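Since the structure comes first, as structure tokens, the remarks are kept for the end.
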Amino acid sequence: MKLARTGAFAACIAMFSAAALAAPLRLQPASPQPNAKAGLNVKYAWEGNPPRKIQNLSKVKSLLKKAKPGQPLRGLDYRDTNEGDPVLTYNQAFNVAAEITGYMKFDSPGIYELETWSNDGIDAWIGGQQIGYVNGRQPCEANQRTEVEVPQAGWYQLRISYFQKYGTSCLMMKSGKKGGRITWTPNNVFGR
């Protein structure tokens, strides 16, 4: 029994060490570089009348096939709401799916840390790399912190699938250069 626990412990340490030593995800810059205007594009689908609860991202994928454009987002600064408040720029509070597209701008090359926050599920991609993923419900909290390599200054394509089941909602991002302070990402780095 002791040997089995020791082996499992060693396997956990090996997995943690491999993750800690993993190279940052290399982002691909948008090509061609866009002449982007402020904000992010968003399309919404609502699962209502009668309401069927969105449980996971596969349901979101199905719903987004019939999504309709909504009022653009100002960026990714949608703090935790009160229960019953509308989700992002949509007019409903519960069972909302959103597809968010646009770009994120990096002013200089280097290694960055990105951290998505959501309530509820999210599948976030920048520059062809997945930087955030939650396939279920959660309160407004950090998903995971991801290191990315930005090879050159400029715009990088952004795509996020997101859902809000019920309760409160939020969608945010923190970012910063590796070794520096990670802070809330300003809205002016997002374009469409």
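Each value in this text was obtained by applying a stated rule to the coordinates, not by laboratory testing. Everything numeric in this text was worked out from a predicted model, so none of it was measured. Ideal geometry is used to build each Cβ from the backbone, glycine not excepted, and the neighbour counts take in all protein chains shown.
So here's what we get for this one:
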| quantity | calculated |
| --- | --- |
| Summed side-chain charge close to Q144 - residues other than Q144 whose Cβ falls under 13 Å, Lys, Arg +1, Asp, Glu -1 | -3 |
| More than 29 Å apart - percent of Cα-Cα pairs taken over the range 25-191 | 16 |
| Computed FRET value (nearest 0.05) for R181 with K66, which takes r as the C-beta separation and R₀ as 45 Å | 0.60 |
| Estimated dipole of the chain in Debye, rounded to 20 [Cβ of Lys and Arg +1, of Asp and Glu -1, Cα centre] | 380 |
| Reachable lysines from K177, criterion Cα separation under 21 angstrom, eight or more residues apart if same chain | K105 |
| Counting DSSP beta bridges with both ends in the range 25-191, the antiparallel % (nearest 5) | 95 |
| Förster radius 35 Å - calculated FRET efficiency between Q28 and Q144 (Cβ-Cβ, nearest 0.05) | 0.95 |
| Sparse-neighbourhood loop sites, trypsin sites (Lys or Arg not before Pro) in the range 91-188 - DSSP loop, at most 11 other Cβ within 10 angstrom | R181 |
| J(HN,Hα) series, the range 86-98, from Karplus relation 6.51 cos²θ - 1.76 cosθ + 1.60, nearest Hz, glycine and proline x | x, 8, 6, 9, 8, 9, 10, 9, 9, 6, 10, 10, 9 |
